[in-house]
């Protein structure tokens with residue numbers, strides 16, 4: 001992974017020093033950055049920051065939009081990019097197969113499409129930049145197993161903001177690859193995208209089911225970042241229930257430092273957006289793209305580092 005990343009960064013450097021004048025001679029280039037996420041979700045603020053940094057560094061226009069899980073709206077945004085003659089399109093995937101048709105339409109118009117954040121291998125995309133959610137889910141489950149937090153017969157609660165979304169489906173498949181053979185059971189519950197409602201729903205579930213929960217996996221940043229507030233509201237001591245999950249917010253960094261969350265995954269969102277747009281630029285310039293996998297599981301010893309990347313410290 002690091003070797004491929006180094007190669008891509010080298011190519012980006014070459015493009016920035018040699019290809020940009022060619023692009024400039026051909027006229028202004030516009031890239032579209034289209035997210036299935038919600039701008040209220042803290043991780044998408046970091047993703048957006050990477051897109052804005054790419055625009056600032058290259059001088060290219062990057063038109064961004066959020067669609068909060070609204071598939072038809074996102075499909076129309078891709079079609080609008082095609083109609084506008086986009087140089088390249090970077091987009092995340094709301095649901096498996098949901099963008100396959102519009103990606104084919106983009107290719108028919110000669111426009112490369114790079115998927116970021118949520119993979120869909122069968123979509124026809126040119127390349128993927130982001131975490132492997134199957135592997136990330138398996139890593140969370142394996143962490144709980146390896147540290148003795150769960151075993152055969154254990155029950156794990158897995159709250160998520162958007163049940164059935166691509167990220168949840170892929171993460172759960174990875175989790176099940178570890179838990180299934182061991183006989184560890186789990187339940188996924190809907191927490192919504194509203195922060196206040198998330199805390200209410202999670203608190204209600206924990207109150208009703210706390211005695212049987214052996215561990216928690218937060219399948220999204222908003223739910224993992226709400227653990228402290230939920231535990232404090234229900235009267236659950238930090239560390240009494242092991243928790244792993246996403247860690248792309250300052251709330252979760254603080255929870256890891258204070259022992260509410262045992263380990264969390266930093267998704268490298270700024271890097272993901274920047275490299276996805278660079279891949280689109282490369283592909284438009286005739287250089288074949290390549291998949292790039294990112295993401296790191298961190299504990300209390302590394303929380304300060306990743307908190308610094310998020311501006312939390």
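Computed from the coordinates by the stated procedures, all read-outs in this text should not be read as laboratory data. It should be emphasised that the depicted structure is a prediction, and the values quoted were computed from it without experimental measurement. With ideal geometry, Cβ positions are generated from the backbone for all residues, glycine too; neighbour counts draw on all protein chains shown.
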The chain - Rg (one decimal) and Dmax (whole number), Cα, Å: 20.0, 67
Segment residue 207-residue 40, length gained on full extension (0.36 nm per residue, minus Cα span): 57.4 nm
Virtual spin-label span in nm between residue 52 and residue 101, 7 Å along Cα→Cβ: 3.5 nm
Distance from region 140-173 to region 227-242 (C-alpha centre basis), Å: 18 Å
Evaluated at q = 0.09, 0.15, 0.18 Å⁻¹: base-10 log I(q)/I(0), Debye formula over Cα of region 41-159: -0.34, -0.77, -0.99
Folded to 0 to 90 degrees: helix 42-58 orientation relative to the chain principal axis, Cα: 20 degrees
At R0 = 35 Å, FRET efficiency that the Cβ-Cβ distance of residue 185 and residue 233 yields, to 0.05: 0.85
In degrees, nearest ten, helix 195-209 long axis to first principal axis of the chain (Cα): 30 degrees
Residue order, fewest to most surrounding Cβ atoms within 10 angstrom, among 266, 44, 33: 44, 266, 33
Value of [θ]222 nm, deg cm²/dmol, for the chain, DSSP H segments ≥ 4, -39500 (n - 2.57) each, nearest 500: -14500 deg cm²/dmol
Fluctuation leader among 268, 291, 194 - the chain, Gaussian network, Cα springs under 10 angstrom: 194
The chain: angle of helix 2-14 to the longest principal axis, Cα-based, in degrees nearest 10: 30 degrees
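Give the Rg/Rh ratio for region 133-266, taking Rg as the radius of gyration of the Cα atoms and Rh as the Kirkwood radius, to two decimals. Walk me through the numbers on the way to the answer.
Numbers: Rg = 13.1 Å, Rh = 14.3 Å.
For region 133-266, the value is 0.92.
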Region 71-92 versus region 262-286: alpha-carbon centroid distance in Å: 18 Å
